[in-house]
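Notes follow the structure.
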Amino acid sequence: STVQEIHERVFNSGMQKFMQEQSYGKVSFSGNVYGWYVFPQASQFCVFPNLETIVNFYGINLSNYDRVVYLGKDAGGGCSGLGKSQNTVNGQVYNLSVATVGFSSYHEDNIYQNMPFSWTSFDHILSHELGHSLGVMHANGWDCGDQVLYGDCQHLEYGNLFDTMGLGVYSLHYNAFYKESLGWLPDRVLPIIKSGIYSINPLES
């Protein structure tokens with residue numbers, strides 16, 4: 001894949017459209033693509049490549065960026081830090097989020113998500129890891145068998161089947177708590193400050 005092809009697959013993708021939709025137009029991504037570059041530990045996710053090496057090799061001005069995403073050409077899966085962190089490059093400190101995403105599945109429909117639009121495994125993984133980069137954790141589950149909240153309950157990592165930060169089998173949007181924490185819902189929240197009867201309507205369908 002060429003730099004131009006990768007730029008198209010990242011910035012004009014299902015991920016981009018998904019992020020714009022679920023943030024109600026508050027989030028979109030733009031950027032530049034560099035590479036390919038060979039790393040000795042390229043298959044080890046959560047072992048991030050040396051950013052200073054890349055910056056110096058391509059002459060990148062990190063002041064122009066908030067986020068770094070490494071694409072593993074022949075890899076799957078992904079990993080991201082939670083939100084932004086300080087990265088020292090050439091003696092200067094930059095506040096960046098850093099993630100890795102496998103690029104091998106860019107053309108494969110996600111077999112676990114039968115969506116009525118183009119949604120590849122790459123779209124899903126990229127949207128998931130960017131969620132971590134934005135500052136949210138996994139959307140998990142709490143299974144109490146045939147009882148609600150009580151009984152023999154188990155925590156299920158990725159257990160939310162309706163959220164891309166979980167497994168996202170049945171729907172994709174981040175949950176309302178995450179949307180509110182990211183600042184996407186201020187004009188769509190009604191604080192309940194007194195007893196009464198309230199109608200709850202769907203925000204999306």
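Summary of values
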{"quantity": "Estimated vicinal HN-Hα couplings, Hz - segment 24-35 in sequence order (Karplus 6.51, -1.76, 1.60; Gly, Pro = x)", "calculated": "6, x, 8, 10, 8, 10, 9, x, 10, 10, 10, x"}
{"quantity": "Share of carbon and sulfur in the accessible heavy-atom surface of the chain [1.4 Å probe, %]", "calculated": "52 percent"}
{"quantity": "Calculated Rg and Dmax of segment 152-193 using C-alpha coordinates, Å", "calculated": "12.9, 39"}
{"quantity": "Residue-averaged 222 nm ellipticity for the chain, from DSSP H runs of 4+ at -39500 (n - 2.57), nearest 500", "calculated": "-6500 deg cm²/dmol"}
{"quantity": "Computed FRET value (nearest 0.05) for Tyr65 with Leu203, which takes r as the C-beta separation and R₀ as 35 Å", "calculated": "0.65"}
{"quantity": "Rg(Cα) / (2.2 N^0.38 Å) computed for the chain, rounded to two decimals", "calculated": "1.15"}
{"quantity": "Residue-by-residue Karplus 3J(HN,Hα) for segment 62-75, coefficients 6.51, -1.76, 1.60, Hz, glycine and proline x", "calculated": "5, 5, 8, 10, 10, 9, 10, 10, 8, 9, x, 4, 10, 10"}
{"quantity": "Rounded, prolate or oblate (a/c below 1.5 giving rounded, otherwise prolate when a/b exceeds b/c) for segment 131-203 by Cα gyration tensor", "calculated": "oblate"}
{"quantity": "Most fluctuating residue given options Asn90, Asn114, Asn160, as computed from a GNM of the chain linking Cα atoms under 10 Å", "calculated": "Asn90"}
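The values are calculated or read from the model by the stated rules, or taken from the named source; none is laboratory data. Predicted, not measured: the structure shown is a model, and the values here were computed from it. Here the Cβ is made from the backbone with ideal geometry for all residues, glycine too, and neighbour counts use every protein chain on show. In case anyone asks, the SASA skips ligands and DNA or RNA and just uses the protein heavy atoms, side chains included. Shrake-Rupley method; radii C 1.70, N 1.55, O 1.52, S 1.80 Å.
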